[in-house]
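To start, the structure under review is shown below, and the notes come after it.
No value in this document is a laboratory result; all are computed from the given coordinates. Quantities reported herein were computed from a predicted structural model and do not represent experimental measurements. Note: ideal-geometry Cβ built from the backbone for every residue, glycine included; neighbour counts use all protein chains shown.
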Amino acid sequence: MKSSIALVTLGGICAALTACGGSPPAPAPPAEPTKPPAASAPASVASVRPGQSAPTAQLVPPAPAVPVADVPKYVDKGRKDPFNEVQLTSSSGGLTVATTKLTGIVRGPRSVLALLETPDGIGYILKPGDTLGDGRLMEIGADNVVFAVGPKPGTPASRVVLRLAAN
């Protein structure tokens, strides 16, 4: 009786190993060398009889997989369109740090931010490392900010310091 239980258990283990990939798969039979397809005319051309014209191929556009929903349009009502790219150009050839004005410094528990305004009245909120026009904000002091302005051809790199206006 004990030997039959051992055989059943051993048979179950063998079946489990075989099902889990315990034995390697049988090798695939060798593939026959492929022959190049014989040059034959398509069925539609082969079925054309002498004196008949061959049917023309028609391209059918694929049907859209998902119906396109109506996309809402932005109505500006006299305001600037927020979806258009911001134009940072002025009559002098672009936004420069020297033409901006420091309007405020905001100190928080984790960060310090500088509030700047362009001559056009557009405001920017920057942290150290951000770029604005031709410069990169290097540091924010108690009442000033320091920018590293990229060199123009023929001039060395310079630092521009903007100070808060005294009221």
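Kindly identify segment 95-150 as rounded, prolate or oblate by the Cα gyration tensor criterion: order the square roots of the eigenvalues as a ≥ b ≥ c, call it rounded if a/c is under 1.5, otherwise compare a/b with b/c, prolate if a/b is larger, else oblate. Note, shape of segment 95-150 comes out oblate. Peptides 129-139, 154-164 ranked from most to least packed, by the mean per-residue count of other Cβ atoms within 10 Å: 129-139, 154-164. Packing here is the average count of other Cβ atoms within 10 Å per residue, and on that basis the peptides 122-128, 141-147, highest first, run 141-147, 122-128.
Remark: for residue pairs Lys73/Lys101; Lys101/Lys152; Lys80/Lys101, the C-alpha separation exceeds 28 Å in Lys73/Lys101.
Once fully extended, how much extra length lies between Arg79 and Ala157, figured as 0.36 nm per residue of separation less the alpha-carbon to alpha-carbon distance? Present the calculation step by step, with values, prior to reporting the outcome.
Numbers: separation 78, 0.36 × 78 = 28.08 nm, distance 3.86 nm.
My answer for the length gained is 24.2 nm.
The charge dipole of segment 97-163, taken about the Cα centre with unit charges on the Cβ atoms of Lys, Arg (+1) and Asp, Glu (-1), comes to about 180 debye, rounded to the nearest 20.
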